[in-house]
Amino acid sequence: MADSPVILVVDDEADIRSLVEYNLTKSGYTPVLASNGHEGLSLAEETTPDLIVLDIMMPEMDGIEVCKVIRKHARLSGVPIIFLTARSGDSDHVEGLDVGADTYLSKPVAMPVLMSQIRALLRRSEAGGSRTVLKHDGLVIDRERYLVSVEVDGRGVDLKLPRKEFELLFFLAASPGRVFSRGELLDQVWGADVFVVDRTVDVHIRKIREKIGMDYIETVKGVGYRFRE
C-alpha cells in the first residue's frame, strides 16, 4: 500500500468518511481522513495527496473556502478535487467548479460512481504529469507548474489561474486554429460524466480573457471557441 495513491477525504459526517474509507481501501487506495476544513488543509500539506474528496457543507470552514486555499497553494494547486454536496442548484454547481473543483457529485453518492470518478481523475492527472510548455506570442503556459506568464510592457508577468481555467486555456492553446464547441470543451476539460451547463465554459473563457487579454481566444459565433493561430 506504500505506493498506492493517497486520497484525502474531508467530510464532517463520520458515516460518510467511514463508507468512503472502506471503498477506497477495498479499491487499493490509501485513505486519509479529516472531519473539518482546517484539519483537511493541515493533512493536505502534510501528505500531499494524489486526490481530494471534499464536502462543501461543513461548519466553520466550508469546502469552497478549503478549495480556494488549495488552488492558491504552490505545491497543492494541481491536486484533483471532487466535491460532495447535498446542494443541487445550478448556481452552487457552477460556484464549485469556478473555484477549481474537477468534479461535482451530489449526495447521496453511489460509491461505484465516486470510485469511477477517482480513477478517471487520477488517470488524467498522470497523463498530464510530464512537463509540457506552450508558447505563443508573449504567452507561456507551463503545465508542470500550472503557471501562465503573459508579456506586459516587455516583461513576463506570472499568473496563477484556477485549475479549470488553466486546463481550458491549455487545451485550446494545444490546438491553435481549431474550433471547439462548448460540448467538446466540457467533455475534454470537465469530463463526459460531469454534469455542467454550457455557460460554465463561457464564464471560464471570460475570466481567462480578463487575466491574459482578449487577443488569444476567439469566439466563433454559433459554434464555440478557438485559440488564435
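The values are calculated or read from the model by the stated rules, or taken from the named source; none is laboratory data. These numbers were taken from a predicted model, which means no experiment stands behind them. Every residue, glycine among them, receives a Cβ derived from its backbone with ideal geometry; neighbour counts consider all protein chains shown.
Taking (1) surrounded by fewer than 16 Cβ atoms within 10 Å (Cβ to Cβ); (2) closer than 16 Å to residue 103 by Cβ in turn, residue 59 satisfies each apart from (2).
Residues to consider are 71, 75; find the one that is surrounded by 22 or more Cβ atoms within 10 Å (Cβ to Cβ), more than 22 Å from residue 115 (Cα to Cα), in the same structural domain as residue 98 (by TED's automatic domain parsing) and basic (Lys, Arg).
71
Residues that are surrounded by 15 or more Cβ atoms within 10 Å (Cβ to Cβ) and either outside any helix (DSSP H, G or I) or at pLDDT 90 or above (or both) occur at least once in segment 130-137.
Quick test for you: out of 82, 52, 70, pick the one residue that is in a strand (DSSP E or B) and at pLDDT below 95. Before you say what the answer is, go through the steps one by one.
Numbers: 52 fails: at pLDDT below 95; 70 fails: in a strand (DSSP E or B).
Result: 82 is the single residue among 82, 52, 70 that is in a strand (DSSP E or B) and at pLDDT below 95.
Please list, ordered by first then second residue, the pairs with beta carbon atoms under 9 Å, 6 or more apart or interchain, first in segment 100-111 and touching a residue at least 12 places away in the same chain (Cβ under 8 Å), second of a type in the set (Gly, Ala, Ser) and in a loop (DSSP other than H, G, I, E, B). Sorted first by the residue in segment 100-111, then by its partner, the pairs are 100/77; 102/191; 103/191; 106/86; 106/88; 107/86. Just one of the listed residues (199, 182) is among the charged types (D, E, K, R), modelled with pLDDT of 90 or more and under 30 Å from residue 115 (Cβ atoms), and it is 182. Take the residues of segment 141-159 that are at pLDDT below 85 and in contact with a Phe, Trp or Tyr (Cβ under 8 Å, 6 or more places away or on another chain): which is nearest to residue 74 (Cα to Cα)? Across segment 141-159, the extreme among qualifying residues is 146.
Here is the figure for segment 56-90: residues that are over 15 Å from the mean Cα position of the chain (by Cα) and not aliphatic (A, V, I, L, M) total 8. When 16, 7 are checked against the criterion of being among the β-branched types (Val, Ile, Thr) and either part of a loop (DSSP other than H, G, I, E, B) or more than 21 Å from the chain's Cα centre (by Cα) (or both), a single residue qualifies: 16.
The requirement of being out of contact with any strand residue (DSSP E or B) (no Cβ under 9 Å at 6 or more places or on another chain), modelled with pLDDT under 95 and more than 25 Å from residue 73 (Cβ to Cβ) is not satisfied by residue 174.
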